Amino acid sequence: MSIKAEAIWAPSPSTNRGQPTQLSSDPKGERIAYANNKSIFLRSIDHPSQSTQYTSHTTTATVARFSPSGYYVASGDISGTVRVWDCVGEGATKGEYPIISGRINDLAWDGDSQRIIAVGDGKEKFGHCITADSGNTVGEISGHSSQINSVSVRQQRPLRAATGSDDTSLVFYHGAPFKFNTSLRKHQRYVYGVAFSPDGGTLVSVGADKRIWLYDGKTGEAKGEIGGGGTYGECLRCVVGEGFKEVCYE
């Protein structure tokens, strides 16, 4: 009996103990993007054997995010570099931008697919905001004293952004250009995840203290805590459903 290869499947996402595994879905909900070693994989949800591999990163890749338009992906690596590339054609790199002097932990697009905020574990700074087409600076990510684990950008106007850090704070920004507005310390331990609801009305943060906090998506004002007593374990990431009917965390 002979053995015949039926398909070659892409590897699963790389994982690191104590760190969230970053996943991103395209606007149509057809593909997911994730990092494995020095590559980014775009994988079909309905047909998992179908995938595309992007191999231009020269160091270990950490995160990839589809643009809201669905035409591009921005991906980061442990050297602090962000690459923007075409995800509907041949995967050509449109831009390569040094962001920080360390690992990129997360990044987010604005609703116009024009601006990107990338954050991570740098030395002189922990994040930066750039234009996707040229890498020009369009704001300042400040207010943290330790690495930033997560970033989210409100997709509606007025533009807002939020970051969560190991320093236990959530920083709220107004934009664009993005600038510091306020710092909130509702968590008692590391803030691992922040996310705006799809309608932009609510911001959610989760952390190592097992707590989930809600804020006004436009003003940043704290609205309350879900549960009131913590979850069953550390919260590493969060996703808010359409119409804020559900909050998923891991």
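For segment 180-187, indicate whether the set of residues that are under 22 Å from Lys223 (Cβ atoms), in a loop (DSSP other than H, G, I, E, B), modelled with pLDDT of 95 or more and in contact with an Asp or Glu (Cβ under 6 Å, 6 or more places away or on another chain) is non-empty.
Checked segment 180-187: at least one residue is under 22 Å from Lys223 (Cβ atoms), in a loop (DSSP other than H, G, I, E, B), modelled with pLDDT of 95 or more and in contact with an Asp or Glu (Cβ under 6 Å, 6 or more places away or on another chain).
Given the residues Val206, Val151, Val191, which is the only one that is under 14 Å from Pro20 (Cβ atoms) and touching an Asp or Glu at 6+ places or on another chain (Cβ under 7 Å)?
Checking each option against the conditions leaves just Val151.
Could you give me the residue pairs with C-beta distances under 9 Å whose first residue belongs to segment 13-30 and is in contact (Cβ under 8 Å) with a residue 40 or more places away in the chain and within 20 Å of Cys87 (Cβ to Cβ), whose second residue is surrounded by fewer than 14 Cβ atoms within 10 Å (Cβ to Cβ) and not polar (S, T, N, Q) wherever it lies, and which are 6+ apart or on separate chains?
Final answer for the pair search is Ser25/Ile45.
I'm trying to understand the selection: among the residues of segment 127-159, which are without any contact (Cβ under 8 Å) to a residue 40 or more places away in the chain and surrounded by 21 or more Cβ atoms within 10 Å (Cβ to Cβ)?
Gly127, His128, Ile141, His144
Within segment 151-179, which residues are modelled with pLDDT of 95 or more and not in a strand (DSSP E or B)?
Within segment 151-179, Arg154, Gln155, Gln156, Arg157, Pro158, Leu159, Asp166, Asp167, Thr168, Ser169, Pro177 meet the criteria.
Within segment 81-92, does at least one residue satisfy the condition of being crowded, with 16+ Cβ neighbours inside 10 Å and within 16 Å of Thr15 (Cα to Cα)?
Taking every residue of segment 81-92 in turn, none turns out to be crowded, with 16+ Cβ neighbours inside 10 Å and within 16 Å of Thr15 (Cα to Cα).
Among the residues of segment 29-53, how many are over 16 Å from Tyr97 (Cβ atoms) and in a strand (DSSP E or B)?
Summing the residues that are over 16 Å from Tyr97 (Cβ atoms) and in a strand (DSSP E or B) in segment 29-53 gives 14.
Only one of these conditions is not met by Asn16: (1) surrounded by 12 or more Cβ atoms within 10 Å (Cβ to Cβ); (2) under 29 Å from Tyr190 (Cα atoms). Which number is it?
All conditions pass for Asn16, except number (1).
The values are calculated or read from the model by the stated rules, or taken from the named source; none is laboratory data. All values reported here derive from a predicted model rather than from experimental measurement. Ideal geometry is used to build each Cβ from the backbone, glycine not excepted, and the neighbour counts take in all protein chains shown.
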